[in-house]
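> So that we are looking at the same thing, I have put the structure below in structure tokens.
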Amino acid sequence: QAKELGRNNFQFFTPSMNIKTLQRLKTENNLRHALERKEFHVHYQPQIEVSTGRILGVEALVRWQHPTTGMISPAEFIPIAENTGLIIPIGEYVLREACTQNKAWQEAGFPPMRMAVNISGRQFQQQTLVQTVENVLRETGLEPHWLELEITESVAMQDVEFTNRMLLELRKMGISIAIDDFGTGYSSLNYLKRLPIDKIKIDRSFIGDITIDPDDASIVKTIILLAHNLKLKVIAEGVETIEQFEFLKAQNCDELQGYLFSKPLPKNDLHQLLTKNNS
Ligand code: C2E
Ligand code: MG
Ligand code: MG
Ligand code: MG
């Protein structure tokens, strides 16, 4: 036992570990001030209807522009924000910003579109989420059916009874629900069938190789059939090539999102894209 402890201690004090720990503490500390210093921005990535090429909606994706470190990826800071609870105010900021922006685009005369906003596990577990969403919709004047919340498959499956109750309340408001990163968690089909959801987002890890890997191709085909049988819409994320697009079109996938059409864009760039699209 002593030997084991000793080994663990030794591992703890490796220089690389120290640097990682320090970096994490630094990020955590910076994160605490980032909101008040207005370092967060929201980018928007179009979601395209496969059959028409129309922009049906956009997904809001948070960006952190630190004055000295530069752009910090959500993959790096969202987990830290989750652990520290800072995701609650950050998430509320993104929601409010995204709804405000969507309403502004509608008022500028663009055809109304859906705004998809990611909700983390910690946010989803908060009983106050329903109230927060209600408040933001009221304050921004965005009609609820133009808002979609994305919850990952693994968060949704953590406590299915709780998920069911939360989603029912959220949907009563008139907003829609998408299951994000689908295929990476462990959904019981029986639960999936019972959840009050509108859409499944196929994780991009299945899309990258669909035209070369027969296993990925059959998984994607099966998910699309499953979703349609359950009367759900299905969107593929991470679509980067024409070949992937053709495959998804042949399989009747409803929507797609990915670099092939557009990267996530700052609001002004998306505004320009919408202007081009509608002229
Ligand atoms: P996600 O919700 O699954 O978002 C999709 C991610 O895929 C985004 O990464 C997007 O930039 C990236 N992506 C889109 N199309 C392509 C493509 O064609 N190829 C490749 N390689 N990537 C593509 P991003 O913006 O770095 O966000 C990563 C994750 O961070 C998101 O995954 C989401 O889980 C989380 N996240 C981002 N913004 C928020 C937020 O406001 N709140 C919460 N709770 N999580 C967020
Ligand atoms: Mg998402
Ligand atoms: Mg996803
Ligand atoms: Mg993802």
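The values are calculated or read from the model by the stated rules, or taken from the named source; none is laboratory data. The shown structure was predicted, so the numbers you read here are calculated from the model rather than taken from an experiment. As a convention, Cβ positions derive from the backbone with ideal geometry for all residues, glycine included, and neighbour counts pool all protein chains shown. Only protein heavy atoms, including side chains, enter the accessible area calculation; ligands, DNA and RNA are left aside. Shrake-Rupley method; radii C 1.70, N 1.55, O 1.52, S 1.80 Å.
> Does Val133 fit the bill of being part of a helix (DSSP H, G or I), among the aliphatic types (A, V, I, L, M) and within 16 Å of ligand 1 (Cβ to nearest atom)?
In short, yes.
> In addition: What's the total number of residues in region 136-150 that are outside any helix (DSSP H, G or I), open to solvent by less than 80 Å² (accessible area, probe 1.4 Å) and under 24 Å from Gln257 (Cα atoms)?
5
> All but one of (1) within 16 Å of ligand 3 (Cβ to nearest atom); (2) closer than 19 Å to Val58 by Cα; (3) touching a strand residue (DSSP E or B) at 6+ places or on another chain (Cβ under 7 Å) hold for Tyr259; state the number of the condition that does not hold.
Result: Tyr259 passes all but (3).
> Could you grab me the full set of residues in region 74-133 that are aliphatic (A, V, I, L, M), free of Cβ contacts under 8 Å to residues at least 60 places away in the same chain and within 16 Å of ligand 4 (Cβ to nearest atom)?
Ala75, Ile78, Ala81, Ile87, Val94, Val117, Ile119
> If you don't mind, there's one more thing I want to ask. Only one of (1) of a type in the set (S, T, N, Q); (2) closer than 21 Å to Lys276 by Cβ; (3) within 15 Å of the chain's Cα centre (by Cα) is not met by Thr52, so which one is it?
Going through (1) of a type in the set (S, T, N, Q); (2) closer than 21 Å to Lys276 by Cβ; (3) within 15 Å of the chain's Cα centre (by Cα) one by one, Thr52 breaks only (3).
> Something else about it: Can you tell which of Ile78, Ile88 is assigned to a helix (DSSP H, G or I), in contact with a Ser or Thr (Cβ under 7 Å, 6 or more places away or on another chain), open to solvent by 30 Å² or more (accessible area, probe 1.4 Å) and of a type outside the set (D, E, K, R)?
Going through Ile78, Ile88 in turn, the sole match is Ile78.
Yes/no matrix, rows are residues, columns are (1) away from ligand 3 (no atom under 16 Å from the Cβ); (2) modelled with pLDDT under 95; (3) open to solvent by less than 80 Å² (accessible area, probe 1.4 Å); (4) not aromatic (Phe, Trp, Tyr):
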position	(1), (2), (3), (4)
Gln45	no, no, yes, yes
Ser51	yes, no, no, yes
His66	yes, yes, yes, yes
Met71	yes, yes, no, yes
Leu95	yes, no, yes, yes
Asn102	yes, no, yes, yes
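> Separate question: Tell me yes or no: at least one residue of region 151-159 is within 23 Å of Pro79 (Cβ to Cβ), open to solvent by 50 Å² or more (accessible area, probe 1.4 Å) and more than 16 Å from ligand 2 (Cβ to nearest atom).
Yes, because at least one residue in region 151-159 is within 23 Å of Pro79 (Cβ to Cβ), open to solvent by 50 Å² or more (accessible area, probe 1.4 Å) and more than 16 Å from ligand 2 (Cβ to nearest atom).
Every residue, every condition in (1) modelled with pLDDT under 95; (2) touching a strand residue (DSSP E or B) at 6+ places or on another chain (Cβ under 9 Å); (3) under 23 Å from Ala98 (Cα atoms); (4) away from ligand 1 (no atom under 16 Å from the Cβ), yes or no:
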| site | (1), (2), (3), (4) |
| --- | --- |
| Ile177 | no, yes, yes, no |
| Asp180 | no, yes, yes, no |
| Lys201 | no, yes, yes, no |
| Gly208 | no, no, no, no |
| Ile224 | no, yes, no, yes |
| Lys231 | no, no, no, yes |
| Glu237 | no, yes, yes, no |
| Thr241 | no, no, no, no |
